[in-house]
Amino acid sequence: MPDLEEQSRIVAYLDGLQAQVDALKKLQAQTAAELDALLPAILDRAFKGEL
């Protein structure tokens, strides 16, 4: 078992990784929402022959 200092370092590292994962999930959700909003506009232009 690592000593308490090493355990604390590991926990801090994992907390940092979790924060990065959370930020990436948020960015992915935002991007997906933007793409969902963009699709109807693209289809509208495609059917009007504007693409």
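Read-outs: derived from the displayed coordinates by stated rules, not from any lab. Since we're looking at a predicted model, the values are computed, not measured. As a convention, Cβ positions derive from the backbone with ideal geometry for all residues, glycine included, and neighbour counts pool all protein chains shown.
Once the Cα atoms are used to define both axes, helix 4-48 deviates from the longest principal axis of the chain by about 0 degrees.
With Rh defined as the Kirkwood radius, the inverse of the mean 1/r over Cα pairs, the Rg/Rh of the chain is 1.51.
Under the rule of -39500 (n - 2.57) per DSSP H run of 4 or more residues, summed and divided by the residues of the chain, what mean residue ellipticity at 222 nm is obtained, to the nearest 500 deg cm²/dmol?
Dividing the helical sum by the residues of the chain leaves -33000 deg cm²/dmol.
The modelled label-to-label distance for the pair ASP15/PHE47, using points 7 Å beyond Cα in the direction of Cβ, is 5.2 nm.
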